[in-house]
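The values are calculated or read from the model by the stated rules, or taken from the named source; none is laboratory data. Keep in mind that what you see is a predicted model, and the values were worked out from it rather than measured. No Cβ is skipped: glycine too gets one built from the backbone with ideal geometry, and neighbour counts run over all protein chains shown. Ligands, DNA and RNA are excluded from the accessible area calculation, which covers all protein heavy atoms including side chains. Shrake-Rupley method; radii C 1.70, N 1.55, O 1.52, S 1.80 Å.
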Amino acid sequence: MTYRHISIHIVLQAIGIAFTPILIAYLWDFEHLLLLRNALFLVYVFQVWRLIRTIRKTNRELAKFIESFGFNDTTIHFHNRDKDASFQDLFTSFNKIVEVFRQLKIDKEKEYLFFETALKKLGVAIIVVNEHQNVIMTNNALLSMLGIKYLHRLDKLNQFKNNLATELMQLEPHRQKLVELMVDGRLLQVALTSVLMKQEQKTLRLLAFQDIRSEIEQKELESWQKLIRVLTHEVMNSLSPVNILSTSLKSRFESPTEQLILSPEEQLEMYEALDAIHSRSKGLTRFVESYRSMAGLKSAQTNYCEINTLLNRIQVLFHEDMNCNNVDFTIETDGTINYVLDEKLLEQVLINLIKNSCEAISTNGHIKLRAFLRDEQLHITIEDNGKGIPSEELDKVCVPFYTTREGGNGVGLALSRQVMRLHGGQLKIQSEEGTGTLITLLFN
């Protein structure tokens with residue numbers, strides 16, 4: 001229906017061009033109709049010219065229409081009040097298509113401006129770069145963080161840290177990396193994240209910079225507060241009886257009425273008091289040694305380790321204890337596993353964790369030690385069916401010197417988590433009171 005007029009117009013012209021020569025040939029033998037024959041010839045020439053003109057105009061307008069799309073030109077307009085009525089419907093359709101295209105372009109530009117404005121106003125610093133390290137877009141948070149007015153090339157960031165641009169381009173997508181940047185004499189602790197995006201045939205990289213210095217300081221403050229509370233509690237528990245007993249003994253010897261010769265009962269009482277002081281002093285010494293072991297762990301000496309051999313050695317080490325307590329201790333590995341880590345530190349971690357599992361099991365329990373690779377990452381799990389950990393205690397069990405076990409020093413889990421951090425890994429604890437505990441060591 002849209003092109004009905006132009007279609008009818010072309011069909012009529014074609015019919016006229018086809019029948020006019022036939023009519024001229026028919027009238028050719030009639031000499032008295034010479035004038036009519038010449039007139040028909042002129043009509044035929046006019047019809048051919050009119051058809052050629054129609055086709056050329058159609059081609060010209062189509063080319064104009066297609067070129068406007070090629071150059072994203074949405075300002076073009078076809079005058080549908082053309083003298084030739086056959087083109088009016090065609091031009092009307094062209095104008096409708098151009099209007100739809102114009103509206104789509106406006107909507108796309110509005111969407112782009114919305115996201116660009118959102119990114120610019122976002123509190124997280126953002127950079128978008130292409131494969132050649134040319135900066136496509138930055139936001140206000142980034143310029144404010146780095147104290148710069150503009151950024152055209154990524155290598156300009158090398159002024160804040162050597163080879164920072166290279167690190168950013170090599171940063172694996174969706175993996176976070178912590179770096180320190182020196183900006184105007186200030187040390188910024190920044191978490192970097194990278195996301196790859198496709199735009200037509202181009203690959204763009206979105207880089208997010210988040211200054212986490214305040215969060216780290218807050219966590220450090222909370223950690224120090226927890227540590228001070230634990231230290232204060234432990235030291236006071238040790239020193240209070242020592243102070244009381246030492247004061248009592250001192251007052252006895254300072255009293256002018258006190259006899260230097262002691263009865264057997266008084267000697268026993270004196271010995272028990274001194275023994276108590278000695279015991280608490282040894283306890284406090286052990287506590288300080290535990291603190292020293294936590295503070296002295298600085299780095300991991302990594303090398304290739306045969307995980308199967310290590311786990312078998314652990315099984316032999318605990319064989320007698322497990323038999324005595326009727327604990328079923330099993331080891332499971334997915335084939336032969338070799339992994340780069342600090343074997344001595346890992347062995348100590350496994351010993352601590354298995355001891356915890358043994359103490360959580362009364363009798364007739366089971367402990368399962370398993371090692372496997374997933375996505376080229378080593379997982380080691382220790383699972384038991386012991387008494388479990390109460391939910392309110394889960395967030396505290398890895399705090400240094402925090403313990404709920406009588407005679408415990410609260411170092412095992414804290415030391416284990418620190419060892420995992422030295423390996424760039426994680427220690428995860430899942431536990432349900434009365435059911436058991438699952439601890440996962442995840443190595444990156």
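Observations
- Counting only protein chain heavy atoms and rolling a 1.4 Å probe, the accessible areas of L317, L310 rank, largest first, as L317, L310.
- When the listed pairs K64/K110; K108/K198; K64/K96; K108/K149; K368/K428 are checked against a 20 Å cut-off, the alpha-carbon distance exceeds it for K64/K110; K108/K149.
- A 1.4 Å probe over all protein chains sorts V340, V48 by accessible area into V340, V48, starting with the largest.
- Placing R0 at 45 angstrom, the Cβ-Cβ distance between N59 and H32 gives a FRET efficiency of 0.55 after rounding to 0.05.
- Note on S362: accessible area is roughly 90 Å² with a 1.4 Å probe, heavy atoms of protein only.
- The Cβ shell under 10 Å around T440 holds other residues with a net charge of +1, Lys and Arg each +1, Asp and Glu each -1.
- Length gained when the stretch Y304-E320 is fully extended (0.36 nm per residue, less Cα-Cα span): 2.8 nm
- Projecting label points 7 angstrom from Cα along Cα→Cβ for L143 and V195 puts them 2.2 nm apart.
- Looking at region 24-59, the chymotrypsin sites (Phe, Trp or Tyr not before Pro) that sit in a DSSP loop and have at most 10 other Cβ atoms within 10 Å of their own Cβ are F30.
- Within the assembled protein chains, the solvent-accessible surface assigned to R417 is about 80 Å², based on a 1.4 Å probe.
- Over all other residues within a Cβ to Cβ distance under 14 Å of I354, the charged ones net out to -3, with Lys and Arg as +1 and Asp and Glu as -1.
- Spin-label pair T333-D375: with each label point 7 Å from Cα along the Cα-Cβ axis, the two points sit 2.4 nm from one another.
- Full-stretch length increase - E180, T166 - with 0.36 nm per residue and alpha-carbon distance subtracted: 3.5 nm
- Residues M197, M182, M169, sorted by accessible area with the largest first, give M182, M197, M169 [1.4 Å probe; ligands and nucleic acids excluded].
- Solvent accessible area, Å² - C305, 1.4 Å probe, full protein context: 0
- Put a dot 7 Å past the Cα of N95, heading toward its Cβ, do the same for V48, and the two dots end up 3.6 nm apart.
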